[in-house]
1. Would you mind finding the longest exposed-site-free stretch of the chain, with exposed chymotrypsin sites (Phe, Trp or Tyr not before Pro) meaning DSSP loop and at most 15 other Cβ atoms within 10 Å?
2. Okay, which of the stretch 28-49 sit inside 20 Å, backbone N to the point 7 Å along the Cα-Cβ direction of Asn66?
3. Whats the longest run of the chain with zero trypsin sites (Lys or Arg not before Pro) that are DSSP loop and have at most 11 other Cβ atoms within 10 Å?
4. In deg cm²/dmol and to the nearest 500, what is the mean residue ellipticity at 222 nm of the chain if only DSSP H runs of at least 4 residues count, each as -39500 (n - 2.57), divided by the residue total?
5. Which of these, His36, His193, His123, has the largest mean-square fluctuation under a Gaussian network model of the chain (Cα springs below 10 Å)?
6. Ratio of Rg to Rh for the stretch 157-198, alpha carbon only, Kirkwood?
7. Tell me the label-point distance for the pair His123, Ser206, using the 7 Å Cα-to-Cβ offset, in nm and rounded to one decimal.
8. On full extension of the chain, what length is gained from Lys81 through His193, given 0.36 nm per residue of separation minus the C-alpha to C-alpha distance?
Amino acid sequence: MYEGCGDEVCMARVLFDGVVQGVGFRPFIYRAAVDHGLAGYVRNLGAKGVEVVVEGSGDEIRSFINTVEEGPPLSEVRELKVEWGSPRGFEGFSISGSSEDGSGSGVVPPDTAICSDCLMDIHGEGRFSGYWATSCVNCGPRFCVLRKMPYDRENTSMSSFELCSDCKDDYNDPGDRRYHAQTIACAECGPSHYRVPGCSEEPIKSVAEDI
Ligand SMILES: [Zn+2]
Ligand SMILES: [Zn+2]
């Protein structure tokens, strides 16, 4: 399986199709590529899926593909294509901006119930404490906030909420589970809710009392 290169340094372009956007695919690929010491990039391809380009020894690349071929937990890889080629001399591995090519079928990611880690954040002490719109790369809204593919924050209804510096740090930290989480938000920078009329400070509580 995945022939095409021996021990020498070579390049592979791996194309994933299916439910592969909005499910933490790019951070997942990033971590696996770094673990395998591979250079290259990962990016969303418009509505066509995810493109991964990796450079390294053929053995490392094959091992990498074996690790990632099923994708992260929320994904559903329906098709995987591998093309081998000559190395281009990438340095390090990065998450690139999405391609603007909007053609292709694409699969819009579904909304996913809040995960146990985010529940712990809501019940904990940090800046997500009590914050209703807490989400991460493993949970939260996708379909209901998405205006168009590719699944990037600027294509969602979260685009008008500029990240605070803490959320920006999490978004850019490969060790954080909100690394490249497009719906990241906290009480400081994310959406708030209010009750009309009355504009109570505690809308959910006041509605609950009315009920
Ligand atoms: Zn979560
Ligand atoms: Zn924030």
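Bear in mind that the values in this text are calculations on the coordinates, not laboratory data. Quick caveat: nothing in here was measured; it's all calculated off a predicted structure. Ideal geometry is used to build each Cβ from the backbone, glycine not excepted, and the neighbour counts take in all protein chains shown.
1. Numbers: sites that count: Trp132, Phe143, Tyr194.
Longest stretch, sites excluded: 1-131.
2. Within reach of a label on Asn66, which here means backbone N under 20 Å from a point 7 Å along Cα→Cβ, the stretch 28-49 contributes 29-39.
3. The longest such stretch corresponds to 1-87.
4. On the way: 5 runs with 45 residues, N = 211.
Value at 222 nm, helices only, nearest 500: -6000 deg cm²/dmol.
5. Most flexible of the set in this elastic network: His193.
6. Working: Rg = 12.3 Å, Rh = 11.2 Å.
Result: Rg/Rh = 1.10.
7. Going from the His123 label point to the Ser206 one covers 2.8 nm.
8. 35.9 nm
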